[in-house]
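Every read-out reported here was derived from the displayed coordinates using simple, explicitly stated rules and does not represent laboratory data. Just so it is clear, the structure is predicted and the values come from calculations on it, not from any experiment. Don't worry about glycine lacking a Cβ; one is built from the backbone with ideal geometry, like all the others, and counts go over all protein chains shown.
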Amino acid sequence: MIRKRQSHPWLALALLLSSLLLLCNETASIAIAPSTFGTAIARAGKISNTLKAEKEEEEEEEEQEEKQLQSTHLASVAVLLATGLIIFGICMQRSFESDNKLKIEKSSDSTQNLESLFGDDLEAVLSNDGPELATSAQFLIATTTTTTTTESSTSGSSHEPNRMEMERSTTTTEETTAWKTLTSHPNSLVQLLPSRAMRVVQEVVRSLRKEREIVASTTLGKVRGRFQKYRSGERGGYYSFKGMRYGAPPTGARRFRAALPEKPWSGVRDASREGQSCPHKNMILDTFKGDEDCLFLNVFTTRMPKEDDAQPKLPVMVWLHGGGFSFGSGNSFLYGPDYLVAEDIVLVTLNYRLGPLGFLTAGPDAPGNQGLKDQVLALQWVRDNIEAFGGDPQQVTIFGESAGASSVQLLLLSPLAKGLFHRAISQSGSALNPWSMAASSGQRAARLAANLGYVGANNTEEILDFLRRVPAMKLVEAAPTTLTADDQRNNIGLPFVPVVEGYWNKDSQEETYLEQPFLTEHPSDMYDAHNFNSEVPYMTGYNTHEAMLFIRRLRKNPQLLNIIENDFGRLVPHDLNVSHAHDRVTREIRSFYLGNKHVGLESVDEMIALLTDLMFLQGIRRTARNHAKYGNAPVYMYRFSFDGALGLYKRMLGIPRPGVCHGDEMGYLFKFGFLNLSLDPKSMEVQVKNRMVRMWANFAKYGTPTPNIEDPLLTAKWAPIDATNVMNSLNYLDISHELNMKTNPEPERQRFWDEMYQHYNGAAM
C-alpha cells in the first residue's frame, strides 16, 4: 500500500498566525485591518478544504488511523482559530485605543530595552506577577462566561475578582469584553467565520478547560486547580493550584501584627491564578506593586492522591523568595516549578509581607517580624493540608535565596517554627550577614510617621494609629526616607528587616507580649549558647561574585567609589571589636584586598571580592561552622562557580561582567519566565541545571544531596562538613562544569578573616 504524506492543516494556520503576530507587533507602525484578516481567513479556509479532500482519500485507505488524526487536526485547528481570535481582539483593541498610530521610542538603557521587548507587560514581568499566557488566552477565547455570585471570605477586604472566593454558579451568561470588542466592529470576525466554526472553538476550549481542572479537598474547603504541561520541554505535566489563601488579610488593626489563619469556606474556590503580591516597589522599575490582601501560596505537584492509593507521599519543598525583605513574591514568573516537580517533588511557593508592612516595629502592638510570622503560618498550612496535594507533611524542606536564605536560618532559630520542617537550604544568605538584622527600636517607625506628616506627640499608640491609616503605597514609598546619613555610612540600605522582639521590656519588671514572639535573642547570641534547631540537616552556600549585585548602586550613585576611597573605615565589620584599633584594621583590610590600588574603576574586581566576603561569605561560613560543630545533623556547603547562560539575574540587571552574581544560581533551579533560553539538551548549562535540580531534590528526599544510588549525573560524592575540624578543614562542593569536593572556600580570604576575628575577638567563629 502506498502511504500518502500526512497533511497538517494546522501548519498552514500556524503560518497565518505568525503573520498576524508580526502585523500585531507593538513595535510596528501599522494596525491590522479587518478586511486583511478576513482575506487571510478565507485563504486559510481554501487551504483547509483542500486538505480535507486529501484527508477523505486517506480515510478510505487507513480509516482507523485517520479517526485519531481527525481528532488531532480538529483540536489543532480549533485552538489556532481561537488564538486567531485572541490576536484579532488584541489588534482591534490596540487600534481603537491608539487610532492606528503606535509610536516607537528608541532607548539605550537596559530598562527601556526591556520595555520595548515586553511592552505593557514589563511591570508584571519584572514584579514576578505576570499572569500566565494560558490564563489570558482562556479569558479572551471565551465568548460567554458563566455569571457567578461571589461572597468574599473576608468582609471589607479588597482583592481581585475570582481570587479565592466562594462561587455559586448560575445558568445565565454574559459577554466578555473581548467578545464585545469583536462583535461591535463593522467587519467583525464573527461575520467572517461560519457560526459552526465558532461553536467548535467554544466547545473545544470548554472541554479542554474541564479536562484540565482538578479539585482538591483541604482542611478548610475545596479548591479547583488545573493540569498544565511542562514549559521546559519534557513530556507530561503537573497539577497547579495557585493563589490559595493561607492567612486572612492583615489589614486594619491587624496591620503590623501577626496574621490570623484563613477561615473555612463552603463550595469550591478557584485556584487557577496567582494571588496579589504583597505591597512593594519593583527593584528595577521602582514602581509600586501589590495589595495588603496578599497572603497566598501556590502548590505544584505531579501526583494527586486518589482513594485506595497505595503510592507513597511525595517530599515537599517550600520556597522562600529573596528581595532584601523589601520586594518580590513567590509567583511563578521567576520561580517556575517545572524543573523541581519533574523530580517528584511537591513545590510550594508563597508570599509574605515586606518592608514596613512586614518588619516595622514599635513596641508590643507592632512587635516586628510580621513577614517571618507569615512564613510560619504558611508552614502550618503546609503541615495541615499538603497531603491533599500528594505531599508528605513529615518530609518538608524549606529553602530560600538571599533574604529567603536568611529567613530559613531564622526559622531554624525560632521556637515558633520547630517541628514544621525537617530539612533546610540557605542559598546566598545568612541571619549573620550584616544586612539581615536591624537594631531593636521603634525610632524608625516614628521617623516614618513624621516623614508622612504625623505631627502629634511622641506617643507609640498614636503613631501606630496614624500609620495604620496611611495607604500601603505611601508607607512603601516613604520607607527609604527613614534611612539616615549614619545608616548609609554603616552600609544599611534596607530600612525594615527582622529584629529581636521584646526590647520594650528591657526596663520593665514584667514582660509584655501581645502575641507569641518569633525571636527574642540575637542569632549570634543564640549560636554562642548553641540554642538552635540542631536536628535538621542543613545545606548552605554562595556564588563566587555575590557582590556584583552592588554595581547597581554604583550606577545610581557614581560617587560611591570616591566616597569609599575617602572613608574606607566604613567597611570595617561592626562585630569586629576594634574600637581601639579601628584605623590600623582599616589599613590592614585595605592592604589585603587592594594592595596599592585606589578604590575606583581599576579595583572593581577587588571591591567585589571584599564586599562578597563582608556581606555574604563571612556570615555563611560562620553559620555552616556552628551548625556542623554544635548540631546533630549533617551540614553541606557549596560554592557555585558556573558562569553560564542561565545566570539570568545579572542579565536582568544589565551587568555584563564575567562571574557568578548574587541570584544567578536560581536559573538552574527554576524555569524563569519568558527570558529562559531554549538550550541544546547537551549544553553545559543544561547539564549543570540537571545536576543542581537533582541534588536539591535528593536532599529533600534523603537528607543528602548525593545518596548511595547510582546516578550518572552526579560525578562526585558530596561529603558533609567534618564536625571535628570546622576551622581548618571546611569541605565544600564546587559546582561548575564539573562537581569537585574541595576544602576551605576562598582559602586566603578565609584565613585573613579567621586571624582578624581570632586576634580582636578572641575566636574566629
Which net charge results for the neighbourhood of SER426, defined as the other residues with beta-carbon distances under 15 angstrom from its beta-carbon, given Lys and Arg at +1 and Asp and Glu at -1? +2
Kindly give the semi-axes, whole Å and largest first, of the ellipsoid equivalent to region 567-761, taking each as the square root of 5 times a Cα gyration tensor eigenvalue. 33, 24, 12
Karplus couplings for region 503-519 from phi (6.51 cos²θ - 1.76 cosθ + 1.60, θ = phi - 60°), rounded to Hz, Gly and Pro as x? 4, 5, 8, 4, 9, 10, 6, 10, 7, 10, 9, 8, 7, 4, x, 7, 8
Projected onto their principal axes, the Cα atoms of region 499-594 stretch, largest extent first, over whole-Å spans of 49, 37, 29
What is the Å³ per residue value for the convex hull set by the Cα atoms of region 554-676? 145
Take peptides 516-527, 324-335, 485-496 and line them up by average Cβ neighbours within 10 Å, highest first, as a rough protection proxy. 324-335, 516-527, 485-496
Flagged as over-length at 23 Å C-alpha distance, from LYS281/LYS418; LYS650/LYS671; LYS222/LYS242; LYS281/LYS556; LYS474/LYS650; LYS242/LYS289, the pairs are LYS281/LYS418; LYS474/LYS650
Magnitude of the Cβ-charge dipole of region 287-375, K/R +1 and D/E -1, about the Cα centre, nearest 20 debye? 240
Can you work out the base-10 log of I(q)/I(0) for region 423-570 at q = 0.16, 0.18, 0.19 1/Å, using the Debye formula on its C-alpha atoms alone? -1.19, -1.30, -1.34
Regarding region 717-765, what whole-number volume in Å³ per residue does the convex hull of its Cα atoms give? 70
If amide H atoms are modeled at 1.01 Å from N in the peptide plane, then the residues at a separation of 5 or more from TYR638, or on another chain, having amide H under 5 Å from its own are THR540, GLY541, TYR542, LEU733
Net length gained if the chain between ASN596 and LEU452 were fully extended (0.36 nm per residue, minus Cα distance): 47.2 nm
When you take every Cα atom in region 360-514, what is the radius of gyration, and what is Dmax, the widest Cα pair distance, in Å? 17.7, 55
Step through the residues of region 465-482 one at a time and calculate ³J(HN,Hα) from phi using the Karplus curve (6.51 cos²θ - 1.76 cosθ + 1.60, θ = phi - 60°), rounding each to whole Hz and writing x for Gly and Pro. 4, 5, 5, 6, 9, 7, x, 4, 4, 5, 4, 5, 5, 8, 3, x, 6, 7
